[in-house]
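The values are calculated or read from the model by the stated rules, or taken from the named source; none is laboratory data. Here the structure is a predicted model, which is why all the values come from computation and not from measurement. Reconstructed Cβ throughout: ideal geometry from the backbone, glycine too, with neighbour counts over all protein chains shown.
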Amino acid sequence: MATVMTDRAEVRVLRPDSAREAVTLARQHGGTYVAGATWLQPSCERGRNWPPFFIALDARWPGFRGLQESHQGLTIGALTTLDTLSHHPLMKEYLPCLTGRNGLMNLLAGPGVRRLGTLGGNLMAGGDLTALAFALDARIQLVGDDDPRGDRLVWRYPDLKSTDLISALVIPDCRRWRVAVEKLGHRERFSPTRATIACVYDGNRFRMAVCGEGGPGRLEISEAALNDGAASSTTTADWYQALDAELEGLGWHDARLRLAIRRVLVHQHEELSDGD
């Protein structure tokens, strides 16, 4: 069992010189990575327990901050702030649904939190951007991994350990895709959203994902039923049943919330299909 503190004044902050040293310290001391720390205080105070060590991450480490285009798509450093994502020109080009006054980024939290909070922290906490990253089939790069392409987030996420350190998220070239993201039960300050639903249409197939109270998950069974329905005997009722069962299997046990998620996905599907 990991050691915990009940007095935050006893917590030590370690400041490694590199990302690899940060991972080594985390493995040696069982520390918690900290960057923006916007989720740290409320989550620790709810449990009244603090980790014995914080390991401070540095956005100046190579590849940890900023956005860069490549043949893989768009690479975003894990310590890029949410505020940067909300107005960066490349985000407006790749994912305009996140930017602007009514974009998702402005619904994540207040301006002060967005200026501190980071992409990596949001993903590791299963925050709102997790559903979108799953639906986009984004890849993550971890410190110490040799493959520069990274792993598909949806595959790697269930096995991520607290000592794993994300250095970047790579999203494919989605500039011609249609993307919709919606939040349910948004509450102010540090209270988590009940559900965030993302639907992506790449011109050929739909991909869907959720995160929130029931945890993050890609709705691959429901996707298959939806995408292949025209070539099979799948009915609308069949798809509703498959979606409900998949959500419950992922951990979404509130029937009314599952119904609300279904309604959002039906609307997103109709919206993204418009014009085909």
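One table, with the values for the structure above:
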read-out: Any pair with Cβ under 7 angstrom, 6 or more apart, that starts in the range 251-264 at a residue that is not assigned by TED's automatic domain parsing to the domain that holds Ala209 and ends at one that is in a helix (DSSP H, G or I); value: none
read-out: The range 36-63, residues that are crowded, with 18+ Cβ neighbours inside 10 Å, modelled with pLDDT of 90 or more and out of contact with any Phe, Trp or Tyr (no Cβ under 9 Å at 6 or more places or on another chain); value: Trp61
read-out: Per-region count, the range 1-34, residues at pLDDT below 90, surrounded by 12 or more Cβ atoms within 10 Å (Cβ to Cβ) and either of a type in the set (Asp, Glu) or closer than 27 Å to Gly77 by Cα (or both); value: 5
read-out: Top-ranked residue of the range 134-175 - restricted to ones that are assigned to a helix (DSSP H, G or I) and touching a residue at least 60 places away in the same chain (Cβ under 8 Å), ranked as farthest from Glu223 (Cα to Cα); value: Val154
read-out: Filtered residue count, the range 114-169, keeping only those that are of a type in the set (A, V, I, L, M), in contact with a helix residue (DSSP H, G or I) (Cβ under 6 Å, 6 or more places away or on another chain) and modelled with pLDDT under 90; value: 0
read-out: Restricting the range 51-88 to residues that are among the aromatic types (Phe, Trp, Tyr) and part of a loop (DSSP other than H, G, I, E, B), the residue that is farthest from the chain's Cα centre (by Cα); value: Trp61
